[in-house]
Amino acid sequence: MSSSFSLPTKVRQLPFFPASFPDETFYSLISRYFLLSAHSEDEVSFEVLFGVPTSQMDFRGPAPFRLKYFVRQLPGQSRILLGKILEANCFVALVLPVITAADWDFPDPKFAETNICLDCAAEDRDDASIGMAYVHRIHQLPGVTACWRHATKFVSTCPRCAKSFRQPGKFLTAPLVDCGCGWYPSVQTTGIRAAKSDVEFAMNAHRVFEQRSYKTPASRLISFFEMHVDHSAFQKKHGRHRWRAPISVGIAEKLEQEYSTIEVASAVARYIQSGRCPNAWVANLNPHVLQGRARHRQNIDDPILLG
Ligand SMILES: [Zn+2]
Ligand SMILES: [Zn+2]
């Protein structure tokens, strides 16, 4: 497979770009770029970074689809940078083992964009090596509503003026910087205690995500991205013929051989779609659970819980 990029030639390199904080979301990272840039309009910054209008600004998927356009503007090798951002700032590693075939009746996973743990935010602001609050990736996983470390509920609005952190078509300002009302994250505004079950779910989700991130090399993240997010895998030419491989090639075929996951994942999807446990999928994506499920052929409608 060719590793070349088919991108517009007009792209210019950015004069600077901030380094990522630990486990920072891509939306948080580009919002910090906007705050540091000389651009006064969100629209201008967004066009510069992605070459598309802000109406296409959506960071709720496993990775933003204009990522290749973006990395071409950073110094360094684009493919390596793409792998690094997919590893450090996106959610592909979490969804990769299960979303592998086009014919799967599986709901699109949606990630949160501005789930904030007030205790983490205050800690980050007080940390001399960070100095500001930012959006943690681990807090945005589907179904996760509490911080696994502090056992507190997330907020997505300003605790003082109730303004939503996420504004349509805008980069994030508060809680990265002070809210317009004057509020900023500090030990004075601590989080509300979350239910024990929500904290346990958050811990499970954290563990699953960590395990998958650790086990998944950047090359697989890129393959998934090209096949399922920006679909560039289908635009690459091989000789005189366009490559028309089915979507279930590569990762999917390998996983199916190892785990017999089609039947298993379909059962999980039906269970989630039945609405009885809409948050279950994060825990359900553990390959070991899926493997056990395939082996024992249990009743397909039973809930599968992370062991
Ligand atoms: Zn926290
Ligand atoms: Zn406010």
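Could you list Ser219, Ser78 in order of exposure, starting from the residue whose Cβ has the fewest other Cβ atoms within 10 Å? It would help to have the intermediate numbers written out before the result.
Working: Ser219 10, Ser78 20.
Exposure proxy ranking, most exposed first: Ser219, Ser78.
Normalised by the residues of region 11-149, what does the relative contact order come to in percent, with Cα pairs under 8 Å and at least six apart?
Numbers: 142 pairs, mean separation 37.6, N = 139.
After rounding, I find 27 percent.
If I model a spin label as a point 7 Å beyond the Cα along the Cα-Cβ vector, how far apart are those points for His231 and Gln167 in nm?
Those two pseudo-labels are separated by 3.3 nm.
Among Leu36, Leu86, what is the fewest-to-most ranking by other Cβ atoms within 10 Å?
On the way: Leu36 11, Leu86 26.
With the sparsest Cβ surroundings first, the list reads Leu36, Leu86.
Could you work out how far apart the two model spin labels at Ala38 and Met203 are, taking each label as a point 7 Å from the Cα in the direction of the beta carbon, and quote it in nm?
5.1
In debye, nearest 20: dipole of region 16-86 around its Cα centre with unit charges on the Cβ of K, R (+) and D, E (-)? Each step should come with its number before you reach the end.
Working: 7 positive and 7 negative charges, 84 e Å.
Charge dipole, region 16-86, about its Cα centre: 400 debye, nearest 20.
Would you order Trp183, Trp148 from fewest to most other beta-carbon atoms within 10 Å of each residue's own beta-carbon?
Details: Trp183 17, Trp148 20.
If I rank by nearby Cβ atoms, fewest first, I get Trp183, Trp148.
Roughly how many nanometres apart are two label points built 7 Å out from the Cα toward the Cβ at Val177 and Lys196?
4.4
Under 5 Å between amide hydrogens, which residues at least 5 positions from Glu24 or on another chain qualify, with H placed 1.01 Å from N in the peptide plane?
The answer is Arg137.
Read the figures in this text as sums done on the coordinates, not as results from a lab. Everything quoted here is computed from the prediction, not taken from an experiment. Glycine gets a Cβ as well: all are built from the backbone with ideal geometry, and neighbour counts include every protein chain shown.
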